[in-house]
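The values are calculated or read from the model by the stated rules, or taken from the named source; none is laboratory data. Only a predicted model underlies this, so the values are computations on that prediction, with no experimental measurement involved. Positions of Cβ are generated from backbone atoms using ideal geometry, with glycine treated the same way; all protein chains shown enter the neighbour counts. Note: accessible area is taken over every heavy atom of the protein model, side chains too, but ligands, DNA and RNA are not part of it. Shrake-Rupley method; radii C 1.70, N 1.55, O 1.52, S 1.80 Å.
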Amino acid sequence: MNGSVNAVKISDHGVHPLLLSASDDAIVRIWNLARFEVQGKYTAPTKAAFKCISSKFDQIASGSESGLVCLWNIETQKMINVMKGHRKGVWAVGYDTSIRCCDDSANILISGGDDHDCRLWDLRSPSESAMLLKAHQNTISSLQLHVQRNIIMTASSDLTIKQWDLRTGEVVHTYSGHTRPVMSVQFYGDRMISTGFDMNVKIWSIQQKKEIHSIADLHSQPIRCLKLQGDVMACGSYDATISILNFLSAERPPSSSNS
């Protein structure tokens with residue numbers, strides 16, 4: 001690979017898990033984790049760097065610096081579609097996190113980026129976005145979609161996270177608390193986890209729409225990304241380290257003792 005690797009994703013499609021990577025050399029690669037080798041490559045139509053990646057079933061979606069969202073089929077290794085609408089680079093793409101079987105919601109994809117917009121795409125007719133969400137004042141760096149609960153979450157460099165109603169496209173709530181750009185957001189049951197350049201990991205109640213806990217001092221430089229798998233949370237930072245902790249114990253505020 002030539003240039004930075006901007007995003008990775010593990011796909012459980014097929015017999016063996018696959019590692020997907022998106023990089024500045026304008027190539028999405030499929031890595032076979034059983035043989036530790038590249039088994040497929042996809043090149044950006046405009047040779048612009050790929051900045052993000054996601055997958056669902058046999059599909060891969062990736063956003064590029066040119067503003068395109070590209071779709072490929074893992075099995076055929078062929079491009080399905082190129083979706084145009086963003087005016088600047090796309091930094092986040094995502095499928096529904098709640099669906100585990102094939103139904104209509106598997107045809108929904110969201111994307112966001114430097115134009116401050118979040119776009120919702122119906123993959124059955126992707127010639128233009130089905131919904132345009134405009135409210136952020138800066139780059140959208142991360143997003144999450146939960147179709148069963150009709151929720152879209154978008155995290156932005158404008159220091160906020162916005163919760164949208166999937167049915168109406170309206171902002172339901174704006175979560176404020178980060179003091180620097182918010183770089184990553186993820187659902188965890190009825191909670192939401194976020195992190196960013198202020199080096200804090202924040203835990204929010206979606207039902208109460210408020211911050212319920214904050215974890216500080218995990219890193220000495222901004223946190224770029226986080227991932228929750230089960231009860232394990234991993235955070236990657238510009239200080240060149242990854243912190244791993246048990247989320248259930250980390251979310252509980254420390255108990256105080258009376259002397």
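So how strong a dipole does the chain carry about its Cα centre when Lys and Arg Cβ are +1 and Asp and Glu Cβ are -1, to the nearest 20 debye?
On the way: 26 positive and 25 negative charges, 28 e Å.
Roughly 140 debye, rounded to the nearest 20.
Between Asp25 and Ile244, what is the FRET efficiency for a Förster distance of 41 Å, r being their Cβ-Cβ separation, to the nearest 0.05?
Working from the Cβ atoms, E equals 0.90.
For the chain, with every protein chain kept in place, what is the accessible area per residue (1.4 Å probe, Å²)?
Ligands and nucleic acids excluded, the figure is 47 Å² per residue.
With contacts defined as alpha carbon pairs under 8 Å and 6 or more residues apart, what's the relative contact order of segment 70-203 in percent?
Answer for segment 70-203 is 15 percent.
Given the rule -39500 (n - 2.57) for each run of at least 4 DSSP H residues, summed and divided by the residues of the chain, what is its mean residue ellipticity at 222 nm, to the nearest 500 deg cm²/dmol?
One gets 0 deg cm²/dmol as the mean residue ellipticity at 222 nm.
Leu132 to Val38: FRET efficiency via 1/(1 + (r/R0)^6), r the Cβ-Cβ distance, R0 25 Å, to the nearest 0.05?
So, using R0 = 25 Å, E works out to roughly 0.10.
Tell me, what HN-Hα J-couplings in whole Hz come from the Karplus equation 6.51 cos²θ - 1.76 cosθ + 1.60 at θ = phi - 60° for each residue of segment 241-248, using x for Gly and Pro?
10, 10, 9, 10, 8, 7, 5, 5
Multiply the residue separation of Ser125 and Asn81 by 0.36 nm, subtract the distance between their alpha-carbon atoms, and state the gained length in nm to one decimal.
Residue separation times 0.36 nm, minus the Cα-Cα distance, leaves 14.8 nm.
If one computes the Cα centroid of segment 117-148 and of segment 170-203, what distance in Å separates the two points?
18
Suppose each label sits 7 Å from its Cα in the direction of the beta carbon; what would the Asp190-Glu170 distance come out to in nanometres?
Those two pseudo-labels are separated by 2.4 nm.
In segment 79-182, what percent of the accessible surface is made up of carbon and sulfur (1.4 Å probe, ligands and nucleic acids excluded)?
Here it works out to 46 percent.
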